[in-house]
Amino acid sequence: MKYKILPLVMGLFIAMSLSACTNEENQNISKNAVSSLQDTEEQTEKQQEERKILIAYFTRLDNTAATIDEVVQGGGPYGRLGDSLAEADVDAVASASITVTETEAKGNTELMAEMIQSIVGGELYSIETNETYPVDYNTLIEKGGEENSNDARPELSVHLDNMDDYDTIFIGYPNWWFDMPMAVYSFLEEYDFSGKTVIPFATSAGSGFSDTISTIQEILPDANVREEGLHIHMNDVASGQEEVEYWLKEIGYTQ
């Protein structure tokens, strides 16, 4: 009888051993998968940390000597906005390429730049000119049109001494006359962008990017100008944080 039991015991022992080995192998596979995922996450974080990012933008609020109340009185695409920021309708203010956040007013492009910075880090740089722009919106547009027709290059009042430090440059601007403001041309032509990644973002009343991305590619033939830029209608910038986050994730720029 004991001879019949012995094979059964041996078989049970072997089965238990195989099961233990299988469980151990599965645990090792699971541990390896977790380790691999952690390595990937750490590598992504390291890549993000190694990126030197500049977020350059042009906004009319940084290029006028007027107070914000004077800018509000200067009107926008849909007319005069009020006598002061406090009295202006928020929706109307947004329509003038200005966004009100709590008690503060910002240019739409500046606000987009800050949204990008909140996600990818980096440094903000406002493109500012020696000559200020008119506070009256219609006069501003006329001046922008004249600069465009004359292929002007407004002289900049602020310059970067460390452009070589950056490998990724986000460049933001409003669409003026189906083009970038000419001050943005001044900025792009001032520095060597060779080997750098350039990512456009823009605001407008409905013109989108027009041909500005291809124009940037022509100006910067030795840079990697990403075509997957982000445009947000000027009325939608204030609520655009999620759209900015989704866009940055899609192009591989998240922390």
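The values are calculated or read from the model by the stated rules, or taken from the named source; none is laboratory data. Just so it is clear, the model here is predicted, and its values are computed rather than measured. We place every Cβ from the backbone using ideal geometry, glycine too, and count neighbours over all the protein chains shown. With ligands, DNA and RNA removed, areas are computed over all heavy atoms of the protein, side chains included. Shrake-Rupley method; radii C 1.70, N 1.55, O 1.52, S 1.80 Å.
Note on segment 106-117: residues that are in contact (Cβ under 8 Å) with a residue 24 or more places away in the chain and open to solvent by 20 Å² or more (accessible area, probe 1.4 Å) total 3. Scanning segment 181-238 for residues that are of a type in the set (Ser, Thr, Tyr) and in contact with a Ser or Thr (Cβ under 6 Å, 6 or more places away or on another chain) returns 197, 203.
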